[in-house]
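Taking it in order: structure first as structure tokens, then the write-up.
Every number here is computed from the coordinates shown, using simple stated rules; none is lab data. As the structure is a prediction and not an experimental result, all values here were calculated from the model. Note: ideal-geometry Cβ built from the backbone for every residue, glycine included; neighbour counts use all protein chains shown.
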Amino acid sequence: MSIHIGAKPGDIAETVLLPGDPLRAKYVAETFLDDAVCYNQVRGMLGYTGTWKGKRVSVQGTGMGIPSHLIYVHELLADYGVKRVIRVGSCGSLQPDINLNDIVIAMSASTDSNVNRLRFGGADFAPCADYQLFSRACAVAQEKAIPFRAGNILSTDVFYGDDPDGWKLWARFGVLAVEMETNGLYTEAARAGAQALCILTVSDSLVTHANLSSEERELTFGSMMEIALELAR
């Protein structure tokens with residue numbers, strides 16, 4: 001048992017899927033996993049372990065933002081022997097040709113956060129996905145004829161920014177989408193020598209202002225799960 005995860009040794013699989021929303025973790029466990037058992041309810045941040053096609057898989061909510069996300073990723077890697085962490089979440093499109101429900105696979109994650117600069121003494125660390133997971137995810141998407149985009153995303157610390165056009169600078173440099181966790185995920189996995197990948201479904205567009213409802217965000221995203229679960233095998 002760690003500080004924020006109430007699991008016992010052996011309760012958590014070597015591969016963990018990481019949605020931000022704990023209710024999405026519950027939905028994933030009940031919808032996709034067989035014989036799922038809840039191993040964590042501390043602070044309402046639900047975690048489950050079950051099987052998918054005979055392979056043990058866990059799913060753990062992490063909350064929103066790099067600081068919250070890092071608490072759970074650190075404890076999973078340091079205290080429970082987890083080897084693969086795969087973020088499955090939502091994002092906002094920054095490009096006009098990336099639409100609602102499209103899949104984005106994050107090759108790397110830029111950020112406006114100072115978390116890594118604190119860690120690296122003011123220097124910039126460029127966190128990226130594990131190549132094996134990344135290349136396999138792209139191959140699975142192609143095999144299943146799931147359209148996707150792969151490239152750089154933005155992990156921001158600020159959901160409600162003061163500059164409504166601030167995202168346009170990132171878009172001009174080819175950043176595909178914005179979310180709030182992946183830069184921290186890739187850095188923590190690199191520190192621990194673990195594999196990490198982020199697979200996202202577009203829930204809103206900063207270009208068109210279209211968006212999915214909170215219920216749609218919680219209960220959809222089947223294509224993203226198809227890819228992530230294949231990686232767990």
Task: Phi to ³J(HN,Hα) by Karplus 6.51 cos²θ - 1.76 cosθ + 1.60 over the range 121-126, Hz, x for Gly, Pro - done: x, x, 7, 9, 9, 9
TODO: Please report how many Lys pairs in the chain have alpha carbons closer than 21 angstrom, counting only residues at least 8 apart along the chain or sitting on separate chains.
DONE: 9
Task: Label-point gap, in nm, between Cys128 and Thr51 - each point 7 angstrom along Cα→Cβ - done: 3.7 nm
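Evaluate the charge dipole of the range 142-184 about its Cα centre and quote only its size in Debye, nearest 20, assuming +1 on the Cβ of each Lys and Arg and -1 on the Cβ of each Asp and Glu.
300 debye
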Task: 5 angstrom amide H check on Leu46, placed H, neighbours 5+ away - done: Gly61
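In debye, nearest 20: dipole of the chain around its Cα centre with unit charges on the Cβ of K, R (+) and D, E (-)? Mind dumping the intermediate values first?
Values: 20 positive and 27 negative charges, 136 e Å.
Using Cβ point charges on Lys, Arg, Asp and Glu, the chain gives about 660 debye.
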- [ ] Could you work out the local net charge near Arg84, counting Lys and Arg as +1, Asp and Glu as -1, over the other residues with Cβ closer than 10 Å to its Cβ?
- [x] -1
Open item on the list: Of Gln132, Ile146, Ala177, which is farthest towards the positive pole of the range 15-232's charge dipole, taken about the Cα centre with +1 and -1 on the beta-carbons of Lys, Arg and Asp, Glu respectively?
Closed with: Gln132
Task: Three principal axis lengths of the range 15-232 [C-alpha, angstrom, descending] - done: 46, 40, 33
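Over the chain, calculate the relative contact order: mean separation of alpha carbon pairs under 8 Å at least 6 apart, over the residue count, as a percent.
Numbers: 507 pairs, mean separation 59.8, N = 233.
The normalised contact order for the chain reaches 26 percent.
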